[in-house]
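Asker: My questions will all concern the structure given below.
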Amino acid sequence: MAEGASIIDEYLQQADELIRLLDDSPPEALTWRSDPSRWSATEIVSHLADAELIAAVRIRRIITQDRPHLYGYRREEWAERLGYRHQDIESAALVFTSLRRANSALLGQLAYEDWGRTGRHEEGDETSLFQLVEGDIAHTAQYLGQVRALAAEFAEQTNGHTKLSPSALAEGREASTGGAKFYALALFAGLTILAVGFFMQSYPVYIFGGIVSAAGILFVLLAMPRKK
């Protein structure tokens, strides 16, 4: 399990790294594009949230099924049709970090031999669970690097005239993670997973989505009296 434990730590730390990057960026930098052909930080984080949703499904399919099919997706088409440019970056970041932490907790429960279980990509290539998580880490690191580069470019463009201050994510994170807004996001994530399960006709995905949705509903109801 030593090999798995090391990769889980790296996998989990990227959730905290994303939060730090957004905290250190001025709000104006999160929607800024260095040129029209490149994504803004908001679009990048929205992509990471959806990529983590797909990763959650793939991980569970590999664990529970024998060499399952690992469905892919078209990044650019998702960005356009799902309106990444207009999404709320705080919500997207919370979805990403919540799923990344849930995935990390699940991976931490596995036996060493489970990391050798495999699935098949649409192209026909077979990949192990360990290779899948390694790929997710590399994918996330690539986009975190892009967020970091955008922040540096924005600071250079403004000649340092915009003070780097905590974003809206930092200001509202503590309250939202303890209240109804965070739990509503959990409910939304659960319903999204249920929809993916319906599309894939995957019973394990149904179960996971149902658990997340039920938890979201429960905590929203529990949080509501405290708001009065």
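The values are calculated or read from the model by the stated rules, or taken from the named source; none is laboratory data. Since the model is a prediction, treat every value here as computed from it, not as a measurement. Here the Cβ is made from the backbone with ideal geometry for all residues, glycine too, and neighbour counts use every protein chain on show.
Asker: Being under 13 Å from Gln146 (Cβ atoms) and in the same structural domain as Leu99 (by TED's automatic domain parsing) is the requirement here; does Glu10 meet it?
Answerer: When the stated conditions are applied, Glu10 does not pass them.
Asker: Show the residue pairs meeting these rules: Cβ distance below 7 Å; 6+ apart or different chains; first residue within the range 32-49 and outside the structural domain of Glu90 (by TED's automatic domain parsing); second residue modelled with pLDDT of 95 or more.
Answerer: Note: no pairs meet the criteria.
Asker: Please go through the range 12-41 and pick out each residue that is hydroxyl-bearing (Ser, Thr, Tyr) and crowded, with 22+ Cβ neighbours inside 10 Å.
Answerer: Ser25
Asker: Looking at the range 57-103 only, could you name the residues that are outside any helix (DSSP H, G or I) and buried (at least 17 other Cβ atoms within 10 Å of the Cβ)?
Answerer: Pro68, Leu70, Gln87, listed by residue number.
Asker: Quick check on my filter: what residues within the range 1-55 are more than 14 Å from Glu90 (Cβ to Cβ), among the polar types (S, T, N, Q) and in a loop (DSSP other than H, G, I, E, B)?
Answerer: Once the filter is applied, which keeps residues that are more than 14 Å from Glu90 (Cβ to Cβ), among the polar types (S, T, N, Q) and in a loop (DSSP other than H, G, I, E, B), the range 1-55 yields Ser34, Ser37, Ser40.
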